[in-house]
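Peer 1: Below is the structure I would like to discuss, written out as structure tokens.
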Amino acid sequence: MHANRSTGQKKRRRHSRRERAILTLCIVLFAGVAVIGFVRGYIRAPELSEPDSSAQSDTGDTDADSVGTDDTTPARERKESYYTVLVSGVDDGNGGSDTNILLSIDAQNGVINAVSIPRDTLLNVSWNVKKFNASYNVGGIDRMKTELSRLLGIPVDFYISIDLDGFVELVDEIGGVYFDVPVNMNYDDPTQNLHIHIDKGYQWLSGEDAVKVVRWRQNNDGTGYPDGDIGRIATQQAFLTTVAQQMLDSLSISTMKAYVDIFFEYVDTDLSVGNLAWIGEVAMKAGMENIHFYTLPGEGDYVYGGSYYILNPEETLALVNASFNPYDQDITADEMDILVP
């Protein structure tokens, strides 16, 4: 499903190399879509075309990155009503996708887990820039799903791609957000017409200010988060929690209609409206206490001529089996494709 409405209705803001997805937009819009979908009778669980297929399936490529069907992979049954969804902020074609989050939706137990995939995560691939966000340039969102499946050893069932402009609209729709900005942010890039000047501390943020907070990486003088991109991810996750709670506290028929309008203008997905309504119902029933956030475990290092985020295989395996494995049996380390230099 491509959920873009007419582009002529309003002037679109332009951002260069922008992060176009914040999980906030995904989760909170689910709430609105769920209720509207229920009224219209759309709700239905997603259907898997190959429910028992291995994550390491043939990608159709002929290069060294291709992984053929592994006949040794043990047959497994899928958990009931359990799905994985890649939520991605897709670049406009000039760069990779900088913000990516994998959701696991466990409807049977009423739990939603979300794990951030750092943009610089090292992949075991042949191309020169071996970062996860670069896989979008190689083959779009489908390649990103394939590489994430290979990396973690599990299938990625569906995707949701979100435009940053929708994030701006959403925050403005709820009247802005009060948020504790963790650091002083001072960054200017005239080439992008990007100017970020936000002081540390608890304050009200408009949609445009919120975008600046979640985009910011470092100041012009080189100062930034002590732990780099991991710090930015932590800020995004904290902001998500704040916005989602404010959304749930202010739900009404009029606000839900506005959220659905925003959704259809700024979101692209291979899930149907009925599927999204079903997921939204799961999210609303789960509540914030059953929505959990993680970051793939690892650390930064300079390898292969660049700065990469290298996953810790043992900790990643434990996290995946505990919170993101759709199968009824644990996956093994051999089924992951984590490169450790």
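Peer 1: Please find, within the range 124-143, the residue that is nearest to P326 (Cα to Cα) out of those that are hydrophobic (A, V, I, L, M, F, W, C) and open to solvent by 20 Å² or more (accessible area, probe 1.4 Å).
Peer 2: I141
Peer 1: Yes or no: the range 281-297 includes at least one residue that is polar (S, T, N, Q), crowded, with 20+ Cβ neighbours inside 10 Å and at negative phi.
Peer 2: No.
Peer 1: Scan the range 122-136 residue by residue and report those that are under 16 Å from V340 (Cβ atoms), among the hydrophobic types (A, V, I, L, M, F, W, C) and not in a loop (DSSP other than H, G, I, E, B).
Peer 2: Within the range 122-136, L122, F132 meet the criteria.
Peer 1: Something else now. Kindly provide the set of residues from the range 282-331 that are farther than 23 Å from G110 by Cβ and part of a helix (DSSP H, G or I), ordered by number.
Peer 2: P313, E314, E315, T316, L317
Peer 1: Would you mention how many residues in the range 248-280 are of a type in the set (V, I, T) and open to solvent by 20 Å² or more (accessible area, probe 1.4 Å)?
Peer 2: 3
Peer 1: I've got another one for you. Mind listing whichever residues of the range 298-315 are within 19 Å of I101 (Cα to Cα) and surrounded by fewer than 21 Cβ atoms within 10 Å (Cβ to Cβ)?
Peer 2: E299, G300, I310, N312, P313, E315
Peer 1: Being farther than 26 Å from E80 by Cα and not in a strand (DSSP E or B) is the requirement here; does I338 meet it?
Peer 2: For I338, the condition - farther than 26 Å from E80 by Cα and not in a strand (DSSP E or B) - is met.
Peer 1: In addition: Check T99, T121, T146 and return the single one that is hydroxyl-bearing (S, T, Y) and open to solvent by 10 Å² or more (accessible area, probe 1.4 Å).
Peer 2: Result: T146 is the single residue among T99, T121, T146 that is hydroxyl-bearing (S, T, Y) and open to solvent by 10 Å² or more (accessible area, probe 1.4 Å).
The values are calculated or read from the model by the stated rules, or taken from the named source; none is laboratory data. Nothing here was measured: the structure is a model prediction, and the numbers come from that model. When we count neighbours, we look across all protein chains shown, and the Cβ atoms used for this are built from the backbone with ideal geometry, even at glycine. Heads up: the accessible areas ignore ligands, DNA and RNA and are worked out on the full protein's heavy atoms, side chains in. Shrake-Rupley method; radii C 1.70, N 1.55, O 1.52, S 1.80 Å.
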